[in-house]
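Undergrad: The structure is given below, and queries will be raised subsequently.
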Amino acid sequence: MDQLTLPAIYPLISALCVFFLGLFVFIKNPKKPLNFTFSLHALSISLWLFGTFMMFLNVDNYDMAIFWDRFIYGSVVFIPAFMYHFCLALTERRPNKLLYIAYALSIIFFFLSRTDYFVYDLFVYEWGVHTKAAFFHHIFLLYFTSYVVIWFFDVYRYYKELSSPFLKYQAKYFFAAFLILFTIGPTAYLPAYGISIYPFSYLSGLVFSIILAYAILKHRFMDTTVATGKVVTYLLTFLTIGFFGYAVSVLSSTFNISQSYQVISSAVLAGILFKPLFVAYENFSSRYLYYSFYSSQKILEELSGKLTKILDIDELADLTTKTIMDTMKLDRAVILLRDEETGKFDIKRNFGFKEENGISLVTDNFLTKHLKKTDKPLIYEELSLMISSTDKEMEKREIRKLQENMKRIEASLCNLLITKEKVVGMIVLGEKKSKDPYTDQDVKLIDSLCKQISVSVLNAKLYSQVEDLKNNLEERVEEQVKELKKAYKKLQRIDKAKTEFMSIVSHQLRTPLSIIKGHLSMVTEGVYDDDEGKKKKILQDVYDSNERLITLVNDVLNISRIQSGRVEISKEEVDMKEVTKKIVEKMKGSLNGKDVKLIFENPKEENLKTKADSSKIENALINLIDNAIKYTNQGEVRVSLRKEEDSLLVEIKDTGEGMNKEEIEKLFETFSRGDAGKKHWIQGAGLGLYIARQFIEMHDGKVWADSQGKGKGSQFYVTLPL
């Protein structure tokens with residue numbers, strides 16, 4: 001028995017480690033499939049190890065040794081099923097046929113393990129004792145090995161599919177832990193086949209627990225960092241107090257102090273030391289286990305109390321950003337507010353982010369839609385899993401784009417500030433100073449904080465608008481009055497122009513109609529029957545008057561179409577050189593013996609083409625050239641054409657009446673006529689230049705006029721895109 005004492009300790013130590021590890025993971029989140037299945041697996045392993053320990057203690061008692069061995073197999077037969085169930089939870093797959101088969105076989109082997117067809121008799125060797133394997137034990141071992149191979153194959157495939165470095169790092173630890181457990185651990189079956197071996201296999205549970213405990217403590221495996229930090233802090237505190245209590249006991253014994261005084265002294269010492277020790281070990285856990293000790297409820301209550309007193313947006317942004325950074329121990333954070341008019345996000349407060357990297361992700365429409373849809377913070381590590389889980393190529397591209405943006409600006413988490421379906425802003429956070437990922441507690445706290453902040457930001461904005469309205473009400477009223485006065489004056493001008501237009505149109509209609517009526521009356525009465533020359537002149541006057549009527553009616557109809565939006569543009573390739581040259585030649589006939597030259601400067605460039613509706617452009621240029629001819633009694637009207645960067649420029653320059661600034665400003669308005677027009681060209685209705693401007697602007701072009709003043713001529717310019 002003395003020789004068996006040391007090996008017997010191995011399974012006991014491993015059993016305790018695996019059991020408490022499984023219990024710890026289960027307590028953290030019993031409803032989570034990953035935690036629950038791991039706990040079942042850990043329970044079966046710990047029962048195997050504990051039964052082995054009890055079997056070693058009863059090596060001299062045949063019946064008890066057999067009892068404990070059957071106890072061992074009562075849990076060992078379920079290891080493949082629990083192990084594979086954990087594998088499915090780990091790789092996020094649903095239960096399948098292999099799992100159901102595993103549980104069915106485990107139940108069958110459970111009953112067989114009670115019989116001598118599974119194990120029988122005892123094999124006692126130098127370091128322990130084991131039952132001998134029978135026929136069904138061989139079948140069970142094949143079943144066990146098959147599921148171990150399946151487990152490693154599935155986990156390795158899952159590892160290769162992972163794109164998140166963080167998840168891959170986690171996967172390496174549990175892969176290594178299970179590799180040791182299922183390569184060293186199964187050597188415990190060798191004594192069942194009469195092979196003596198030192199029971200180092202029972203240390204596999206200890207190594208398994210250490211590796212997973214490290215993954216849990218440092219790499220948030222199964223998300224147990226919070227519970228771990230608390231357990232470690234309390235454990236270290238109580239161990240230290242126990243040590244001091246033991247020291248008090250030793251000293252009391254040395255100085256013959258009574259036991260009652262020892263108890264009182266220990267209790268007083270524990271009361272004094274507990275709080276400072278707890279705080280000290282809290283700081284230790286925070287530094288070396290990367291755990292942030294905070295109470296979510298306390299943080300929310302404190303921030304809520306402060307937010308209700310703040311209505312200044314800048315102060316509010318400062319408080320919220322610093323609160324999150326201090327609580328989470330972050331290296332960077334930025335709060336952005338959304339402009340209601342443009343929909344863009346503008347940086348309100350930034351700590352640590354490099355603005356030169358461009359925080360472009362916040363204008364990403366996909367991001368805001370995703371955050372509104374999920375209603376929870378988005379963590380950078382989740383993006384890789386989102387890419388692998390979607391079959392939509394467009395969605396994959398959007399997620400990859402978002403992933404690149406977050407990586408470029410070094411963002412780890414982002415969440416909307418939203419209230420009543422209204423997005424008011426966004427919070428973007430960097431990684432923790434400890435490099436530890438965000439825990440479930442962190443994510444829930446950030447989500448709750450954002451909901452509180454959203455309401456406060458909206459209230460602050462409304463308050464700011466009210467204050468602004470209050471402070472600037474008088475100024476705004478004055479501005480509105482000025483705008484109303486301007487609008488009233490504009491209406492007066494329009495009314496005056498319309499009255500003038502009606503007068504002009506009435507006059508323009510009456511004059512040619514009177515001429516036509518008078519001449520036709522004289523012709524019908526036979527006044528000019530004997531004079532063919534006079535008759536021909538009369539008919540020419542009637543024709544000219546009719547042309548004036550047609551022009552006037554066309555102008556009025558064009559304005560009606562323009563103002564009702566019924567003008568259609570049919571663009572085709574137009575050679576402006578040929579069009580302008582043709583118009584100038586045609587317009588020379590309208591000089592009517594004036595001492596005026598109409599000149600076309602033939603451009604050297606050959607390719608002066610544009611996409612345009614030739615009839616509309618011709619109409620506009622004819623109106624402009626005709627206007628120049630009308631108000632030029634002596635000198636010349638010069639038309640030129642040239643390229644200006646990415647456009648064509650038509651210039652019409654005359655030596656006519658000229659204009660002042662006030663006339664130029666009103667020149668292209670409806671029913672507008674300058675003083676020269678009223679004085680020298682009473683036949684005009686003031687519509688031609690307005691129509692010309694509308695037609696040119698329909699072609700994305702521009703028209704404007706210039707003059708050095710009265711009697712100094714005028715220049716008209718037209719630009720059209722090449």
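The values are calculated or read from the model by the stated rules, or taken from the named source; none is laboratory data. No experiment lies behind these values; they were computed from the predicted model shown. Cβ atoms come from the backbone with ideal geometry, glycine included; neighbour counts cover every protein chain shown.
Undergrad: Of the conditions (1) aliphatic (A, V, I, L, M); (2) modelled with pLDDT of 75 or more; (3) closer than 30 Å to residue 649 by Cα, residue 557 fails just one. Which one is it?
TA: Only one criterion in (1) aliphatic (A, V, I, L, M); (2) modelled with pLDDT of 75 or more; (3) closer than 30 Å to residue 649 by Cα is unmet by residue 557, namely (2).
Undergrad: For segment 88-98, indicate whether the set of residues that are assigned to a helix (DSSP H, G or I) and closer than 20 Å to residue 189 by Cβ is non-empty.
TA: Scanning segment 88-98 turns up no residue that is assigned to a helix (DSSP H, G or I) and closer than 20 Å to residue 189 by Cβ.
Undergrad: Test of understanding: among 334, 423, which residue is in contact with a helix residue (DSSP H, G or I) (Cβ under 9 Å, 6 or more places away or on another chain), modelled with pLDDT of 80 or more, within 25 Å of residue 439 (Cβ to Cβ) and in the same structural domain as residue 449 (by TED's automatic domain parsing)?
TA: 334
Undergrad: Filter segment 238-257 down to residues that are more than 55 Å from the chain's Cα centre (by Cα), of a type in the set (S, T, N, Q) and part of a helix (DSSP H, G or I) and give me whichever is nearest to residue 271 (Cα to Cα).
TA: 249
Undergrad: Hey, any hits in segment 53-67 for a residue that's touching a helix residue (DSSP H, G or I) at 6+ places or on another chain (Cβ under 8 Å), assigned to a helix (DSSP H, G or I), at pLDDT 90 or above and of a type outside the set (Phe, Trp, Tyr)?
TA: No.
Undergrad: Still on this structure: Go over the candidates 657, 662, 618 one by one and state the one that is without any contact (Cβ under 8 Å) to a residue 24 or more places away in the chain, among the charged types (D, E, K, R) and either buried (at least 20 other Cβ atoms within 10 Å of the Cβ) or assigned to a helix (DSSP H, G or I) (or both).
TA: 662
Undergrad: Looking at (1) of a type outside the set (D, E, K, R); (2) within 30 Å of residue 162 (Cβ to Cβ); (3) touching a strand residue (DSSP E or B) at 6+ places or on another chain (Cβ under 8 Å), which is the only condition residue 85 fails?
TA: Only one criterion is unmet by residue 85, namely (3).
Undergrad: Also, I was wondering about something else. Scan 6, 40, 12 and give me the residue that is modelled with pLDDT of 85 or more, in a helix (DSSP H, G or I) and under 19 Å from residue 184 (Cα atoms).
TA: 12 is the lone residue from the list that is modelled with pLDDT of 85 or more, in a helix (DSSP H, G or I) and under 19 Å from residue 184 (Cα atoms).
Undergrad: Pick out the one residue from 617, 599, 629 that is assigned by TED's automatic domain parsing to the domain that holds residue 699, of a type in the set (A, V, I, L, M) and under 17 Å from residue 573 (Cα atoms).
TA: 617
Undergrad: In segment 333-355, how many are surrounded by 19 or more Cβ atoms within 10 Å (Cβ to Cβ) and more than 13 Å from residue 426 (Cα to Cα)?
TA: 1
Undergrad: Also: What residue, of 82, 123, is in contact (Cβ under 8 Å) with a residue 24 or more places away in the chain and not in a helix (DSSP H, G or I)?
TA: 123 is the lone residue from the list that is in contact (Cβ under 8 Å) with a residue 24 or more places away in the chain and not in a helix (DSSP H, G or I).
Undergrad: Return the pair list, or none, for Cβ contacts closer than 6 Å from residues in segment 434-460 that are over 14 Å from residue 328 (Cβ atoms) to residues that are modelled with pLDDT under 80 and among the β-branched types (Val, Ile, Thr), at least 6 apart or on different chains.
TA: Qualifying pairs under 6 Å: 454/419; 455/419; 458/419; 460/313.
Undergrad: OK, next. Would you point out which residue out of 163, 146 is among the hydroxyl-bearing types (Ser, Thr, Tyr), surrounded by fewer than 16 Cβ atoms within 10 Å (Cβ to Cβ) and modelled with pLDDT of 85 or more?
TA: Exactly one residue qualifies, and that residue is 146.
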